[in-house]
1. Could you tell me the accessible area of Leu194 in Å² (1.4 Å probe, neighbours in place), rounded to the nearest ten?
2. Taking H as built 1.01 Å from N, whose amide H comes closer than 5 Å to the amide H of Arg229, not counting residues under 5 places away?
3. What residues have an amide H closer than 5 Å to that of Leu164, excluding those fewer than 5 places away on the same chain, when H is modeled at 1.01 Å from N in the peptide plane?
4. Counting alpha carbon pairs within less than 8 Å and at least 6 residues apart, what relative contact order, in whole percent, applies to the chain?
5. What is the sum of charges around Cys161, taking Lys and Arg as +1, Asp and Glu as -1, for the other residues whose C-beta is under 13 Å from the C-beta of Cys161?
6. Spin-label point model (7 Å from Cα, Cβ direction): what's the Ala115 to Ala259 distance in nm?
7. Which value, in debye to the nearest 20, describes the size of the charge dipole of the range 194-303 about its Cα centre when Lys and Arg Cβ atoms bear +1, Asp and Glu Cβ atoms bear -1, and nothing else is charged?
8. So what are the three principal axis dimensions of the chain from its Cα atoms, in whole Å, longest to shortest?
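The values are calculated or read from the model by the stated rules, or taken from the named source; none is laboratory data. All figures in this text were calculated on a predicted structure; none of them were measured in a lab. A quick note on method: Cβ atoms are made from the backbone with ideal geometry, for glycine too, and the neighbour counts reach across all protein chains shown. Just the protein is used for accessible areas: all its heavy atoms, side chains included, with ligands, DNA and RNA removed. Shrake-Rupley method; radii C 1.70, N 1.55, O 1.52, S 1.80 Å.
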Amino acid sequence: MDTRLLRTFATVARTGSLTAAAERLHLVQSTVTAHVQALEKELDLRLFDRLPRGVVLTGAGRDVLAQAEAVLEAESRLRTVAASAGGAGGRVTGRVVLAAGETLVSARLPGVVAALRRSHPGIEVDLHTMGTASAVAALRTGELDLALLLEDEAEFRDIECTPLAHEPLVLVCSPRHPAATRDATDSVAGWADLAHEDYFLHEQGCSYSDRFIERLLAAAGGTPLRITRFGSLEAARSCVAAGLGLSLLARANVADALAAGRLAQVPGPRFPDVTVQLARHRRRWISPAAAALTAELPHHFPH
């Protein structure tokens, strides 16, 4: 049996959509449909009910899904064993698929990958940018080995989350913005003062941005907030550097700009650091390559 069919089937089952599965697998939708149909024909089973809102597993499909994931897990172990026995000279080799949000992908993970290349040149890291919901779904389908989530609370029945570090956050603006040039004799801004500023924040679903907005809403007293949200951290940074407003970002993402004077820290209430959670599927095997990556991660976060 072609395990590609099983991987496609598992991805469709977890996403509930042929279109979403195609995007996740980097395939055209017609190929995803063909894979599902080929598996149904080979097994002589109807695996999905096609509904207007998407696809839903049949009873037989749910039974097949559990076995398909077991086969995909066994395939992963087999490939790791084969790679280790193929002349690596005892070195750890293999491929690790890791996902994280843009905050960590841009600020922390390049250093992790570079260090791992020096210490374990036989390990290949496949890095993806994903938010929490997408990363958890991909862990469930086996598309990811590991994920880093910026979540203070991360509880999932089938996903094990272990606190790894805390990422400091900082409220920033342009050095020319009034919030940065407040007279030293003035009191620093409180939440009620901050609620009246313009903000450029990371997209909806960014846990620390969402919690920051909740605090602003609580302090606004019914006053509408002026917030623009971007899918790109660079877009938010650029708007803030241009003097258009404020942003809450990980200090690691703005450390160079703060040091160079392109951005300034806004005096005000301190926002709590956000927790970095290392996530993996509870039932999946941790390969030697994934274990090596896990061991390297803590060295690249503040203690």
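1. 10
2. Distant-sequence amide H within range of Arg229: Leu201.
3. Long-range HN contacts for Leu164: Val276, Gln277, Leu278.
4. 22
5. Cβ neighbours under 13 Å give a net charge of -3.
6. So the label points at Ala115 and Ala259 sit 1.7 nm apart.
7. Approximately 400 debye in magnitude.
8. That gives 76, 53, 30 Å along the principal axes, largest extent first.
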